[in-house]
1. Name the shape class, rounded, prolate or oblate, that the alpha-carbon gyration tensor gives for segment 74-151, where a ≥ b ≥ c are the square roots of its eigenvalues, rounded holds for a/c under 1.5, and otherwise prolate holds if a/b is larger than b/c and oblate otherwise.
2. Express the carbon and sulfur contribution to the solvent-accessible surface of segment 84-172 as a percent, rounded to the nearest whole number, probe 1.4 angstrom.
3. Cut-off 18 Å, label point 7 angstrom out along Cα-to-Cβ of Leu141: give me the residues of segment 44-62 whose amide nitrogen falls inside.
4. Give me the 1.4 Å probe accessible area per residue for segment 53-143, excluding ligands and nucleic acids, in Å².
5. So for the pair Thr110, Asn86, with labels modelled 7 Å out along Cα→Cβ, what separation do we get in nm?
Amino acid sequence: MHPCPTSDTPSRRRILLGLAGALPALAACGFSPVYGPGGQAAGLRGQIFAADPEDRNAFVFVARLEDRLGRPASAPYLLDYRIRTNRQGLGITPDRATTRYNLLGRVSYTLTDRATDAVVARGKVESFTGYSATGSIVGTLSATEDAAERLMTILADQLVTELIATAPDWRR
């Protein structure tokens, strides 16, 4: 017996032919991989120096940026940022104890060309994470710190995505 039923073979062929036909269409509309040769992210690695972190949130944020963009010794661009977080209680028990929180975060940023001191990009990214406060004090503290770390990672990833998407507008 044949390992693949013959009735499936034509449909599989049609799918593969359809996918093969779609690739030239993507290339024709200007699609190119961001990290591929000639992509928008090509040459960005090591080009942006993030301002030194001043607290734990900023440390996690900058570490993630450096993971994604590289850690430059000297770079043509300086990224200044301002991190704001706000905690909102969500789940409240009948005796008014909060059992769940959302941690909201916003990073406002300015990207400056270090040679000319010209601001080349600015904007903000926002997101949130949640955590439960139903365990012990130590468990709640751990959950709070984990939520903050996840939030800083999300915000850094959003910022990198924004920088890559806008790189053709500001990169020399």
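1. Values: a/c = 5.74, a/b = 3.01, b/c = 1.91.
It comes out prolate by the Cα gyration axes.
2. That fraction is 50 percent.
3. What the label zone holds, given the 18 Å backbone N cut-off, is 56-57.
4. On the way: 5640 Å² over 91 residues.
Dividing the accessible area of segment 53-143 by its residue count gives 62 Å².
5. 2.3
The values are calculated or read from the model by the stated rules, or taken from the named source; none is laboratory data. Please read all numbers here as calculations on a predicted model, not as lab measurements. Every residue, glycine as well, gets a Cβ built from its backbone with ideal geometry; the counts of neighbours run over all protein chains shown. The area values use the complete protein model at the heavy-atom level, side chains included, leaving out ligands, DNA and RNA. Shrake-Rupley method; radii C 1.70, N 1.55, O 1.52, S 1.80 Å.
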